[in-house]
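The values are calculated or read from the model by the stated rules, or taken from the named source; none is laboratory data. Model, not experiment: these values are computed from the prediction. Glycine also receives a Cβ, built like all others from the backbone with ideal geometry; neighbour counts cover every protein chain displayed. Heavy atoms of the whole protein, side chains included, go into the accessibility calculation; ligands, DNA and RNA do not. Shrake-Rupley method; radii C 1.70, N 1.55, O 1.52, S 1.80 Å.
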Amino acid sequence: MFIEIIENIFVKILPKYWHLFVFEGLGYTLLLSLITVLCGTILGSLLALLKMSKIPPFRWLVTAFVEVIRGTPLLLQLYIGYFLVPQLIPALSSNKFVSVSIALVLNSAAYVTEIIRSGIQAVDKGQTEAARSLGLSQAQTMTKVVLPQAVKNILPALGNEFVAVIKETSLASTFYVGDLMTQYLVVKGNTFLAMECLLVVGVIYFVVTFVLSRAVSAFEKRLKRGE
Amino acid sequence: MENNYIIQTVDIHKSFEKLHVLKGVSQHVSKGEVVSIIGPSGSGKSTFLRCLNMLETPEKGQIFFEGVDISDKKVNIDIHRQKMGMVFQQFNMFPHLTVRQNLTLAPTTLGKMSVDEANALAEDLLARIGLRDKADVKPGTLSGGQKQRVAIVRALAMQPDVMLFDEPTSALDPEMVGEVLDVIKGLVKTGMTSVIVTHEMGFAKEVSDRVLFMDDGYVVEEGTPEQIFGNPQNPRTKDFLSKVL
Ligand SMILES: Nc1ncnc2c1ncn2[C@@H]1O[C@H](COP(=O)(O)OP(=O)(O)OP(=O)(O)O)[C@@H](O)[C@H]1O
Ligand SMILES: [Mg+2]
């Protein structure tokens, strides 16, 4: 049976469908992940700022948002995005890719908020005290002393978030957005070779995330050496 | 305030949650004076010192610096901190900057000097501590003693009127204590007003004009080094000194 699966992959799946997996599927998966992490980072940075602000209601709102996102399943959030976004913004009703992206971005933003906040808090308090004792303002201390050190914690964590998001976007296939997992559903529907398609998709996911994780670790080591 | 005190505290109290750490400290430092603070661990020495530049906010009392009540929330503390250098037990070098940039960051960011002026001053200051050749390395490569010497001149680069030292040699290997104390002694000789929290009794005796003994949130006894070390009056001072000397 195992031999047969391998044979099917190379005879019936890859010759006919490889471009669907590698170009469309992986392309959409990477696009979706990139949009998610880029927009998630921008939004997450703003939320992290609010979370560290001196105004309590801002902090509470961000905390509530982060907790709700982290305390509910991503698939549920995707469903909500899928149904809610078109109702709120009718112009988007025909574009499920955008609706699903918005849900993914909001989800990622919550995690990025924590990444940035903890990256900043990991910088020794003595750094802030030394800077403030020299007369630097809070903002100057943040931009000249704390953030340059915090990025060394934050960038690798964002890289890992990207790797995690690549895997999480597979849930978006529930709405046939065209990602790798969607291609699995499509090709399986055409060939009825479920296991074969799963293996192909699995290998692609693995290779991409493995290579990216290694790249992130190498990058992290280089940052640490720079001290 | 009608007096010559560069720093004056009036009945300052500070608590951390339920822990009452400063229980009413009224003290003063005159221009050019060197004041050492000694006392047992946890007695509030660091907390008092950190109140002087408002790194800790006392909940009661006032702190005057050059005549201005800096404990007043309406005062822009950053401006006054520029004139009070502080040296920490843990050095707190900025690890992402070179030694030179550690020195020039504050003067240039705060518009006190041009980049050229700040660099020239940094050269001078580093030469003074014999570390001119380290100007372009990151602090991570320096020894503890070197870091602390750089930390001292980093504070001096702002040309402060007062220097505050919080146990500047406590985190050092014994063989490096001397080089740091020598830098502080040299500085004090130039007339720099200084407040020094220290466990180095010999050093306190040598450099101080006045010694404060703190215990349990109070300045229990104060006097010249000769009085405090030679003829302490308070039993708690006697007890403390008998343990550390
Ligand atoms: N940020 C803080 N939060 C809570 N407690 C604190 C804080 N800073 C200091 N304390 C407590 O206040 C008390 C006085 O601390 P402080 O550092 O002023 O003592 P110290 O005289 O400098 O002691 P040492 O010689 O050990 O440095 C200690 O019990 C300490 O644990
Ligand atoms: Mg202390």
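With in contact with a strand residue (DSSP E or B) (Cβ under 6 Å, 6 or more places away or on another chain) and open to solvent by less than 20 Å² (accessible area, probe 1.4 Å) as the only criterion, which of B:ILE129, B:ILE152 stands out? Can you show your working first?
Details: B:ILE129 fails: in contact with a strand residue (DSSP E or B) (Cβ under 6 Å, 6 or more places away or on another chain).
It is B:ILE152.
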Can you name every one of the strands (runs of 3 or more DSSP E) wholly within segment B:7-113 that holds 2 or more residues which are more than 11 Å from every other protein chain (Cβ to nearest Cβ), open to solvent by less than 20 Å² (accessible area, probe 1.4 Å) and modelled with pLDDT of 95 or more?
B:19-30, B:34-38, B:60-65
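Looking only at residues that are assigned to a helix (DSSP H, G or I), more than 14 Å from A:ILE116 (Cα to Cα) and not aliphatic (A, V, I, L, M) in segment A:40-64, which one is least open to solvent (accessible area, probe 1.4 Å)? Don't jump to the end; show me each part of the working.
Of the residues in segment A:40-64, the ones assigned to a helix (DSSP H, G or I) are A:40-51, A:56-64.
Then keep just the ones that are more than 14 Å from A:ILE116 (Cα to Cα); that gives A:56-61, A:64.
Checking which are not aliphatic (A, V, I, L, M) leaves us with A:56-60.
Values: A:PRO56: 48, A:PRO57: 65, A:PHE58: 86, A:ARG59: 85, A:TRP60: 172 Å².
My answer is A:PRO56.
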I need a count of the residues in segment A:65-91 that are open to solvent by less than 40 Å² (accessible area, probe 1.4 Å) and more than 17 Å from the chain's Cα centre (by Cα).
2
Among the residues of segment B:200-222, how many are among the small types (Gly, Ala, Ser) and either away from ligand 2 (no atom under 16 Å from the Cβ) or within 14 Å of another protein chain (Cβ to nearest Cβ) (or both)?
2
Unmet requirement for B:GLY140, which otherwise passes all of (1) within 14 Å of chain A (Cβ to nearest Cβ); (2) touching a helix residue (DSSP H, G or I) at 6+ places or on another chain (Cβ under 7 Å):
(2)
Which condition number in (1) more than 16 Å from ligand 2 (Cβ to nearest atom); (2) buried (at least 17 other Cβ atoms within 10 Å of the Cβ); (3) more than 18 Å from the chain's Cα centre (by Cα) is the one that B:SER242 fails?
(2)
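Working carefully through the options B:ILE38, B:ILE12, B:ILE7, B:ILE70, find the one that is at negative phi, among the β-branched types (Val, Ile, Thr) and within 16 Å of ligand 2 (Cβ to nearest atom).
On the way: B:ILE12 fails: within 16 Å of ligand 2 (Cβ to nearest atom); B:ILE7 fails: within 16 Å of ligand 2 (Cβ to nearest atom); B:ILE70 fails: within 16 Å of ligand 2 (Cβ to nearest atom).
So the residue among B:ILE38, B:ILE12, B:ILE7, B:ILE70 that is at negative phi, among the β-branched types (Val, Ile, Thr) and within 16 Å of ligand 2 (Cβ to nearest atom) is B:ILE38.
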Count - residues of segment B:180-199 that are buried (at least 20 other Cβ atoms within 10 Å of the Cβ) and either within 16 Å of ligand 2 (Cβ to nearest atom) or within 14 Å of chain A (Cβ to nearest Cβ) (or both)
4
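Restricting attention to segment B:158-179, which residues are within 23 Å of B:ARG81 (Cα to Cα) and either open to solvent by less than 40 Å² (accessible area, probe 1.4 Å) or of a type outside the set (S, T, N, Q) (or both)?
B:MET158, B:PRO160, B:ASP161, B:VAL162, B:MET163, B:LEU164, B:PHE165, B:ASP166, B:GLU167, B:PRO168, B:THR169
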Tell me, which helices (runs of 4 or more DSSP H) wholly within segment A:121-227 include 2 or more residues that are without any contact (Cβ under 8 Å) to a residue 60 or more places away in the chain, surrounded by fewer than 20 Cβ atoms within 10 Å (Cβ to Cβ) and within 18 Å of the chain's Cα centre (by Cα)?
A:147-168, A:194-225
Could you tell me which residue of segment B:15-30 is nearest to ligand 2 (Cβ to nearest atom), considering only residues that are among the hydroxyl-bearing types (Ser, Thr, Tyr) and under 21 Å from B:VAL211 (Cα atoms)?
B:SER26
